[in-house]
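Notes to accompany the following structure.
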Amino acid sequence: MTDDSTGSESEEQALSDAVAEAIADVDPVAALTEDIQRLQADFQNYRKRVDKERNESTDLVTGLVLAQFLGALDDIDRAQEHGELTGGFKAVADQLANTTLKLGLSKFGEVNVSFDPNIHEALMHETSPTVTETQVTKVVRPGYKFKERVIRPAQVVVSDPE
């Protein structure tokens, strides 16, 4: 029995020596350098993610604030259509329109374009022999986008082919 225990002790000693040798072969400077590089990469990824989330939050809030101005912009458009937009109020209206444009708000809603349910809300359907696909024939209320996100779809009348 002493031979078995001596054999297993020598195996354990050999294994222990091999582990110690492997640990001794690892350069502590290289190991620390790898750890630092890994931490730097983790921090850079964290910083990029936080910046992206901050930009998304800013865009979301800006879109929500701009959405509150849509009613006033609609009123200004109606006043302009009826010729009631004159004097000092016209200057204020122009400044409001320019500011919302600079922030990234854009108005859309054209006639004689293909109907797109992602950006149009059909209020009424008509049939027409002159169209080959469903088209917008009248814009009841324009839609607005902030950057590429639709804040309010354009309310339209569409014509379907017969």
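The values are calculated or read from the model by the stated rules, or taken from the named source; none is laboratory data. Not measured: the values here are computed from a predicted model. Here the Cβ is made from the backbone with ideal geometry for all residues, glycine too, and neighbour counts use every protein chain on show.
A few remarks follow.
- Exclusive hit being among the β-branched types (Val, Ile, Thr), touching a Leu at 6+ places or on another chain (Cβ under 9 Å) and in a helix (DSSP H, G or I), set ILE76, ILE151: ILE76
- Residue list for segment 8-59, restricted to those being of a type in the set (Phe, Trp, Tyr) and either touching a helix residue (DSSP H, G or I) at 6+ places or on another chain (Cβ under 8 Å) or under 25 Å from LYS147 (Cβ atoms) (or both): none
- Test: residue in segment 48-63 that is of a type outside the set (Gly, Ala, Ser), at pLDDT 90 or above and assigned to a loop (DSSP other than H, G, I, E, B): no
- Filter result for ALA24 (out of contact with any His (no Cβ under 7 Å at 6 or more places or on another chain) and either exposed (fewer than 12 other Cβ atoms within 10 Å of the Cβ) or at pLDDT below 90 (or both)): yes
- Contact map, segment 101-122: residues that are assigned by TED's automatic domain parsing to the domain that holds ARG149 paired with residues that are surrounded by fewer than 11 Cβ atoms within 10 Å (Cβ to Cβ) and not in a strand (DSSP E or B), Cβ distance under 7 Å, separation 6+ or inter-chain. Pairs shown: SER114/GLU133.
- Long-range neighbours under 9 Å by Cβ, at least six apart or interchain, first residue in the same structural domain as GLU110 (by TED's automatic domain parsing) and closer than 22 Å to ASP77 by Cα within segment 131-149, second part of a loop (DSSP other than H, G, I, E, B) and of a type in the set (Phe, Trp, Tyr): VAL136/PHE115
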